[in-house]
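This report concerns only the one structure given below.
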Amino acid sequence: MQLYSYFRSSAAYRVRIALNLKGLSYEYLPVHLLKDGGQQLSEGYRKMNPTALVPTLIDGDAVIGQSLAIIEYLEETHPQPPLLPADAIGRARVRDLALGIACDTHPLNNLRVLKYLKHTLGVDEAAKNAWYRHWVHQGLEALETQLARSGATGRFCHGDTPTIADLCLVPQVANAHRLECDLSAMPNVVRIDAACRELPAFADAAPGKQPDAE
């Protein structure tokens, strides 16, 4: 397998964790989102992934470009260890938590959105960072409420083994820390993030451990 990745991409971070948890080896192919005007915008990369986003996973003839689709593919093709619960209600809850981060919170703070705010709309750095913190705080605050009110929450987002929800939580929290977001009112989010990062699969997937880290 080959993974086109950028060390700081939250979406690629999720996939790296999944690959590590499942013990799958892969070739890391860096795509720098800022150098050369954004290497993801090159003609060659766009031919492979028309969205011009990372990650992209290649596995034989399969070319998959959405992080959660990649993770679900890995779950189906390499089911051990499972990243989804065995019961339908549990799977729905995990997907609910994961999609809340991946579809509602993260897209508002994606690099291309931040670049549009700054370079096209003329938003200054302070206002851009305020935008980032606002949406991250709102998203993680909702996640905290979901975690706090459910008896299904355990050491991790769902029970005592990592699921796809945790794969989404950790990269989002990492970005929140990088932009100095206040997480003091989110004890479950902070606790679960810390529990995840104790595991080698999460630690080894961290941005600073990647070959293209800066």
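The values are calculated or read from the model by the stated rules, or taken from the named source; none is laboratory data. Since we're looking at a predicted model, the values are computed, not measured. A quick note on method: Cβ atoms are made from the backbone with ideal geometry, for glycine too, and the neighbour counts reach across all protein chains shown.
Observations, loosely collected:
- Checking each residue in the stretch 32-70 for being surrounded by 13 or more Cβ atoms within 10 Å (Cβ to Cβ), within 21 Å of ALA98 (Cα to Cα) and without any contact (Cβ under 8 Å) to a residue 60 or more places away in the chain picks out LEU53, VAL54, PRO55, THR56, LEU57, ILE64, GLY65, GLN66, SER67, ILE70.
- When residues of the stretch 1-31 are limited to those that are assigned to a loop (DSSP other than H, G, I, E, B) and either of a type in the set (Asp, Glu) or over 17 Å from the mean Cα position of the chain (by Cα) (or both), the one surrounded by the most Cβ atoms within 10 Å (Cβ to Cβ): TYR26
- Comparison of PRO85, PRO79 shows that the only residue that is crowded, with 17+ Cβ neighbours inside 10 Å, over 29 Å from TRP131 (Cα atoms) and more than 11 Å from the chain's Cα centre (by Cα) is PRO85.
- Being modelled with pLDDT under 95 and assigned to a helix (DSSP H, G or I) holds for only one residue in ASN188, ASN175, and it is ASN175.
- Hey, ILE89 within 30 Å of GLY37 (Cα to Cα), modelled with pLDDT of 95 or more and either of a type in the set (Gly, Ala, Ser) or not in a loop (DSSP other than H, G, I, E, B) (or both) or not: no
- Output for the stretch 120-152, where each listed residue is assigned to a helix (DSSP H, G or I) and β-branched (Val, Ile, Thr): THR120, VAL136, THR145
- Comparison of ALA102, ALA165, ALA98, ALA130 shows that the only residue that is out of contact with any strand residue (DSSP E or B) (no Cβ under 8 Å at 6 or more places or on another chain), among the small types (Gly, Ala, Ser) and loosely packed, with under 15 Cβ neighbours inside 10 Å is ALA130.
- Condition broken by SER184, with the remaining ones in (1) over 18 Å from ILE71 (Cβ atoms); (2) in contact (Cβ under 8 Å) with a residue 12 or more places away in the chain satisfied: (2)
Matching residues to (1) loosely packed, with under 13 Cβ neighbours inside 10 Å; (2) among the hydrophobic types (A, V, I, L, M, F, W, C); (3) in contact with a Cys (Cβ under 9 Å, 6 or more places away or on another chain):
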site: GLN172; (1), (2), (3): no, no, no
site: ARG178; (1), (2), (3): yes, no, no
site: PRO187; (1), (2), (3): yes, no, no
site: ARG191; (1), (2), (3): no, no, no
site: ALA194; (1), (2), (3): yes, yes, no
site: GLU198; (1), (2), (3): yes, no, no
site: ALA201; (1), (2), (3): no, yes, no
site: LYS209; (1), (2), (3): yes, no, no
site: ALA213; (1), (2), (3): yes, yes, no
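- For the stretch 139-181, a residue qualifies if it is touching a residue at least 60 places away in the same chain (Cβ under 8 Å) and over 18 Å from ALA12 (Cβ atoms), and the qualifying residues are ALA152, CYS157, HIS158, GLY159, THR161, THR163.
- Scanning the stretch 153-172 for residues that are out of contact with any Phe, Trp or Tyr (no Cβ under 7 Å at 6 or more places or on another chain) and assigned to a helix (DSSP H, G or I) yields ILE164, ALA165, LEU167, CYS168, LEU169, GLN172.
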